[in-house]
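A short worksheet on the structure shown next.
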Amino acid sequence: MRKSLTLLAAAAVLSTTGLAQAADYQIDPTHTNVIWEQIHFGTSTNRGSWAKKSGTVQFDRAAKTGKVNLTLDMSSVTTGVTPFDNHLKGDDFFAADKHPTATFVGDKFVFNGDKVSEVQGALTLRGQTHPVTLKAVRFNCFDHPMLKREVCGGDFETTIKRSLWGVNWGLNMGVPDDTKIVIQVEAIKQ
């Protein structure tokens, strides 16, 4: 009887351990967009995004943990205006030839109930790394009807001081330091 109870307890521990394992997700670049917004001399808002992005997510709803790695190809910045894109790729802004990628690594997921409410991590841009917290505007997981797999994602936002990463162009002319970043992301369970 004691041996049976020991085996039953071991089986219970193994089964609950299996439930708490993080699942791996691949970021879907067709449903992921990273946009920056910058006020232009107090008038309109300049916006741009990156055409090439990739990354992975590890997510464990039961343990309320996760990790995200998002990489942006800085040479793929696009605003719809080629001369502006070229200026952004240069040394005044992203220095894409010297720093071809930017990365966000989020290693602390904060939950409100069973929904992710923020992701805390670090943004590396122009070779400099600083902490960034992405606030979830919405977050959800669903069973994708065509892929027949779980997809998790949401809309996340933050505002950074671009000067922390050495992006100082225009500060002395009145272009604000604050830059809003909006991330729409979906990731497919592997």
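Some points to look at:
- Put simply, when 102-113, 49-60 are sorted by average Cβ atoms within 10 angstrom per residue, most first, you get 49-60, 102-113.
- Dipole axis of the stretch 48-125 (+1 Lys, Arg; -1 Asp, Glu on Cβ), positive-most option in V77, A95, F59: F59
- Percent RCO, i.e. relative contact order, over the stretch 43-153, from Cα pairs under 8 Å lying at least 6 residues apart: 18
- Degrees between helix 2-19 axis and first principal axis of the chain (Cα, 0 to 90, nearest 10): 20
- Residues with amide H under 5 Å from that of K64, placed H, sequence gap 5 or more: none
- Descending semi-axes in whole angstrom, ellipsoid equivalent of the chain, from the Cα gyration tensor: 40, 16, 14
- Of the residues N112, T32, P176, the one whose Cα sits farthest towards the positive end of the charge dipole of the chain is N112 (charges of +1 on Lys and Arg Cβ, -1 on Asp and Glu Cβ, taken about the Cα centre).
- V110/M173 FRET efficiency (R0 41 Å; Cβ-Cβ; nearest 0.05): 0.65
- For the stretch 44-104, size of Cβ-based charge dipole, Lys and Arg +1, Asp and Glu -1, in debye: 380
- Per-peptide average of other Cβ atoms within 10 Å, ordering 176-184, 118-126 highest first: 118-126, 176-184
- Relative contact order of the chain, defined on C-alpha pairs under 8 angstrom at six or more residues apart (%): 22
- ³J(HN,Hα), Karplus 6.51/-1.76/1.60, whole Hz, each residue of the stretch 88-96, x for Gly, Pro: 4, 6, x, 5, 5, 10, 8, 6, 4
- A51 versus T133: modelled label distance in nm, points set 7 Å from Cα along the beta carbon direction: 3.6
- Computed across the stretch 16-102, the Kirkwood radius stands at 15.1 Å (inverse of mean 1/r, all Cα pairs).
- HN-Hα J in Hz across the stretch 108-113 - Karplus 6.51, -1.76, 1.60, θ = phi - 60°, x for Gly and Pro: 9, 9, 10, 10, 10, x
- Cβ charges +1 (Lys, Arg) and -1 (Asp, Glu), total dipole of the chain, debye: 680
Read the figures in this text as sums done on the coordinates, not as results from a lab. Here the structure is a predicted model, which is why all the values come from computation and not from measurement. Backbone-built Cβ (ideal geometry, glycine too); neighbour counts: all protein chains shown.
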